[in-house]
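**Q** First the structure, then my questions, so here it is.
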Amino acid sequence: MSKVNLTVDLNGLELQNPVTTASGTFGFGQEYKNYVDLDKLGGVMVKGTTLQPKKGNPTPRIAETPAGMLNAIGLQNPGVDYFIEQILPEIKDKEFKTIVNISGNTIEDYAKLAAKLAKTEIDAIEINISCPNVKKGGLAFGTEADMAASVVQAVRAETSLPLITKLSPNVVDITEIAQAVEEAGTDIISLINTLLGMKIDIERQEPILANKVGGLSGPAIKPVAVRMVYQVAQAVDIPLIGMGGISTVEDAIEFFLAGANAISVGTANFVNPEVTMEILAGLEEYLNEHDYQDVNQIVGKAMNS
Amino acid sequence: MAQRVIKEIIDQQKIGPGYFKLVIKVPEIVAQAKIGQFVHIKWVAEDSGADPLLRRPISLNRINPAEGTMTLVYRVVGRGTKVLSKLTAGDKLDIMGPLGTGFSISEDTNRVLVIGGGVGIAPLYPLVNELVKQNKEVILLLGAESAEEVIDLSSFEEFDLELKVATMDGSLGREGFVTDYLAELEQEIDYIYTCGPMPMMKVIRDWAIDSNVAGQASLEERMGCGTGACLSCVCQVKIDGKDGWTYKKACTAGPVFPLREVIFDE
Ligand SMILES: Cc1cc2nc3c(=O)[nH]c(=O)nc-3n(C[C@H](O)[C@H](O)[C@H](O)COP(=O)(O)OP(=O)(O)OC[C@H]3O[C@@H](n4cnc5c(N)ncnc54)[C@H](O)[C@@H]3O)c2cc1C
Ligand SMILES: Cc1cc2nc3c(=O)[nH]c(=O)nc-3n(C[C@H](O)[C@H](O)[C@H](O)COP(=O)(O)O)c2cc1C
Ligand code: FES
């Protein structure tokens, strides 16, 4: 098998390969060290981080659904200061890029988070714009182009780190949001976050999740994610990190063909903790079998058909 | 160190109404397994990986390093356990383990109370075995719906210990709750271990606080990753500090927690 090039350059963020792990599903990386050679990953999007520590939602926090799951963790995390002081030193020397996923309830929250992280040795910031804006009655930042753009601008003003903006699929036209965040200065777009859903226990006659609603992830959302990547790839000029239901190398390849420059694996880590390594090996094999020398050659192939 | 292995089932048998016992040879995992730990399992079926999607956490009922085998005892309660119950010898299981922090035994305790309810009896066998081996005086209280659901009864009867059973239908031992025995305990207890339904453990915790006896409880919570990454499985545990409690992960800090510090949905 000849060596194929797997490195990808995402507008300045260079990954040794395009396989990353999705925020909230892979902890801070360490949690998977028994199962995965962490140094072989392209990047790790760490658990959603907020200014203050957060306890998160009551339980049950997850529910299984057909080929998927709902989660309402409620962003439990130790806060950005703890992350910088206690966790970052443990992971900063790993070969993977450390990408910090940030969440806020006001634009100022995001700006403050970016200012704190700008002074550290992280490799990139991923802005989670699926959070509720308290000043807009809890409407998620990512659901309106103006709000989404203001968050990106505020973060951009604080840091020159590569910026990834993570889009919410719970919108009417995802390309409109994508264009707005591109214009506001994001370097990269990642998509998709979870789709809002609910599951009801028919014996207790109430929602299973303590939070009632939760985010749907896993194989069930893959077709929606592929479609959105395909649409956004045609609407913007910046690189994309595609995710949503990726569980096998075949799934990952669909995302590259739809226009993703890199991929992220979430829920599938729960099902098979070694899945990222299997996808990485499978990707090399696919490229070899199809006589490609470089993973970048298959990006967006399905777009021209 | 926990690991993931795929192995064939050696034997699976129905042992009661909806109760199954499954034996699997996994020397890698068994060699490291400790009492009270669990495995996170998924059946391997060609082309049907996505349904049901997630793994299921099941406690270790027998840990046999000499044979390299472990036994799981579980009750069919939903889709996942139903699929699991249909598997037979030769079918494959995908196993992550051993996981979690199990029971610990202190040298300073002598008279120990162990209380199990329903399928919560399953993880107690290795514990009781070890307690007896260490010459502790064990009082074992078991509760279940009916006689057929008292897991490992005949094995427990072989031990030198005080055994009392309560069943809801009165088919074995006293009719009613196993916790009804608490009020009648004659001797002082040094320590308590428990696993079972939440209402049962709540009564035991309150009794433990009133009686000033420390102990450990094995809890259940829905799990995603099983390895500390997803924060699905958190349990409320009392701590010193501003709020007086914190969420701890059942898959890493637990499933066994200090009994008197557990907050049960209150
Ligand atoms: C550490 C630990 C050890 C356990 N040990 C045993 C054991 O030895 N024997 C046994 O019979 N059961 C045990 N359980 C409970 C067992 O995991 C559940 O009964 C099982 O997951 C139910 O799956 P299902 O698909 O049949 O049910 P469904 O209700 O269809 O499951 C839907 C989802 O909810 C989760 N879920 C449902 N009930 C529980 C529960 N009580 N605890 C945790 N997750 C749940 C499932 O894992 C799944 O993700 C244990 C649970 C934990 C956390
Ligand atoms: C348990 C869980 C927690 C998550 N937490 C976050 C988070 O903190 N921040 C975020 O941007 N996305 C979070 N997500 C969304 C994932 O990163 C990902 O976008 C989504 O799950 C779709 O990918 P998947 O189907 O591969 O899981 C979470 C998902 C799950 C399942
Ligand atoms: S199950 Fe994921 S953190 Fe415990």
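**Q** State whether the residues of the stretch A:55-75 include one that is within 14 Å of chain B (Cβ to nearest Cβ), closer than 29 Å to residue B:56 by Cα, acidic (Asp, Glu) and open to solvent by 20 Å² or more (accessible area, probe 1.4 Å).
**A** Yes, the conditions are met somewhere in the stretch A:55-75.
**Q** Being within 24 Å of residue A:303 (Cβ to Cβ), more than 16 Å from ligand 1 (Cβ to nearest atom) and outside any helix (DSSP H, G or I) narrows it down to one of A:226, A:172, so name that one.
**A** Selected residue: A:172, the only one of A:226, A:172 that is within 24 Å of residue A:303 (Cβ to Cβ), more than 16 Å from ligand 1 (Cβ to nearest atom) and outside any helix (DSSP H, G or I).
**Q** Moving on. Select, from A:79, A:138, A:104, A:142, the only residue that is without any contact (Cβ under 8 Å) to a residue 40 or more places away in the chain and more than 14 Å from every other protein chain (Cβ to nearest Cβ).
**A** Answer to the check: A:138.
**Q** Right, next: Kindly indicate which of A:63, A:22 is within 16 Å of ligand 3 (Cβ to nearest atom), closer than 19 Å to residue A:126 by Cβ, modelled with pLDDT of 95 or more and hydrophobic (A, V, I, L, M, F, W, C).
**A** None of the others qualify; the one that does is A:22.
**Q** Would a scan of the stretch B:31-39 turn up a residue that is within 14 Å of chain A (Cβ to nearest Cβ), part of a strand (DSSP E or B) and closer than 29 Å to residue A:219 by Cα?
**A** Scanning the stretch B:31-39 turns up at least one residue that is within 14 Å of chain A (Cβ to nearest Cβ), part of a strand (DSSP E or B) and closer than 29 Å to residue A:219 by Cα.
**Q** So which of B:181, B:193 ends up being of a type outside the set (A, V, I, L, M, F, W, C), more than 15 Å from ligand 3 (Cβ to nearest atom) and assigned to a helix (DSSP H, G or I)?
**A** The match here is B:181.
**Q** Let me ask something else about it. Those residues that are away from chain A (no Cβ under 14 Å) and within 16 Å of ligand 3 (Cβ to nearest atom), I need them from the stretch B:56-78; list them, please.
**A** If the condition is that a residue be away from chain A (no Cβ under 14 Å) and within 16 Å of ligand 3 (Cβ to nearest atom), then B:58, B:59 are the ones that fit.
**Q** Still on this structure, please answer the following. Tell me which of these residue B:215 doesn't satisfy, since it passes every other one: (1) touching a residue at least 24 places away in the same chain (Cβ under 8 Å); (2) surrounded by 19 or more Cβ atoms within 10 Å (Cβ to Cβ); (3) in a loop (DSSP other than H, G, I, E, B); (4) more than 15 Å from ligand 1 (Cβ to nearest atom).
**A** Condition (3) is where residue B:215 drops out.
**Q** Evaluate the stretch B:64-71: report whether one residue or more is under 18 Å from the mean Cα position of the chain (by Cα) and in a loop (DSSP other than H, G, I, E, B).
**A** Within the stretch B:64-71, not a single residue is under 18 Å from the mean Cα position of the chain (by Cα) and in a loop (DSSP other than H, G, I, E, B).
**Q** To continue, here is another question. Only residues that are buried (at least 20 other Cβ atoms within 10 Å of the Cβ), within 14 Å of another protein chain (Cβ to nearest Cβ) and assigned to a loop (DSSP other than H, G, I, E, B): list them for the stretch A:249-287, please.
**A** The answer is A:266, A:267, A:272, A:273.
**Q** Any idea which residue in the stretch A:9-27 is nearest to the other protein chains (Cβ to nearest Cβ), counting only those that are farther than 18 Å from residue A:253 by Cα and among the hydroxyl-bearing types (Ser, Thr, Tyr)?
**A** Residue satisfying both the conditions and the ranking: A:25.
A quick yes/no check of all residues on (1) assigned to a loop (DSSP other than H, G, I, E, B); (2) more than 20 Å from residue B:253 (Cβ to Cβ):
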| position | (1), (2) |
| --- | --- |
| A:36 | yes, yes |
| A:44 | no, yes |
| A:48 | no, yes |
| A:52 | yes, yes |
| A:64 | no, yes |
| A:70 | no, yes |
| A:75 | yes, no |
| A:95 | yes, yes |
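**Q** Same structure, new question: Filter the stretch B:224-241 down to residues that are within 11 Å of another protein chain (Cβ to nearest Cβ) and in a loop (DSSP other than H, G, I, E, B), then give me how many there are.
**A** The qualifying residues number 10.
**Q** Taking the stretch B:243-263 on its own, how many of its residues are assigned to a loop (DSSP other than H, G, I, E, B) and within 11 Å of chain A (Cβ to nearest Cβ)?
**A** 4
**Q** Which of the residues that make up the stretch A:77-93 are touching a strand residue (DSSP E or B) at 6+ places or on another chain (Cβ under 7 Å), assigned to a helix (DSSP H, G or I) and within 15 Å of ligand 2 (Cβ to nearest atom)?
**A** A:80, A:83
**Q** Being surrounded by fewer than 21 Cβ atoms within 10 Å (Cβ to Cβ) and away from ligand 2 (no atom under 16 Å from the Cβ) is the filter here, so list the residues in the stretch B:220-235 that pass it.
**A** B:220
**Q** Additional query: Got a number for residues in the stretch A:23-53 being within 15 Å of the chain's Cα centre (by Cα), at negative phi and open to solvent by less than 10 Å² (accessible area, probe 1.4 Å)?
**A** Residues flagged as within 15 Å of the chain's Cα centre (by Cα), at negative phi and open to solvent by less than 10 Å² (accessible area, probe 1.4 Å) within the stretch A:23-53 amount to 9.
**Q** Also, quick follow-up: State the number of residues belonging to the stretch B:179-201 that are under 24 Å from residue B:137 (Cα atoms) and either among the charged types (D, E, K, R) or within 14 Å of chain A (Cβ to nearest Cβ) (or both).
**A** Counting residues in the stretch B:179-201 that are under 24 Å from residue B:137 (Cα atoms) and either among the charged types (D, E, K, R) or within 14 Å of chain A (Cβ to nearest Cβ) (or both) gives 5.
**Q** Okay, next question. Inside the stretch A:117-128, can you point out the residues that are in contact with a helix residue (DSSP H, G or I) (Cβ under 8 Å, 6 or more places away or on another chain) and without any contact (Cβ under 8 Å) to a residue 40 or more places away in the chain?
**A** Selection gives A:120, A:121, A:122, A:125.
**Q** Restricting attention to the stretch B:208-252, report how many residues are out of contact with any helix residue (DSSP H, G or I) (no Cβ under 7 Å at 6 or more places or on another chain) and near ligand 3 (Cβ under 9 Å from one of its atoms).
**A** Residues flagged as out of contact with any helix residue (DSSP H, G or I) (no Cβ under 7 Å at 6 or more places or on another chain) and near ligand 3 (Cβ under 9 Å from one of its atoms) within the stretch B:208-252 amount to 12.
**Q** Something else about it: For residue A:242, are the conditions met, namely being crowded, with 18+ Cβ neighbours inside 10 Å, at negative phi, near ligand 2 (Cβ under 10 Å from one of its atoms) and at pLDDT 95 or above?
**A** yes
The values are calculated or read from the model by the stated rules, or taken from the named source; none is laboratory data. Computed from a prediction, not measured in an experiment: that's the story for all the values here. Because the Cβ atoms are built from the backbone with ideal geometry, glycine has one as well, and the counts that use them run over all protein chains shown. Heads up: the accessible areas ignore ligands, DNA and RNA and are worked out on the full protein's heavy atoms, side chains in. Shrake-Rupley method; radii C 1.70, N 1.55, O 1.52, S 1.80 Å.
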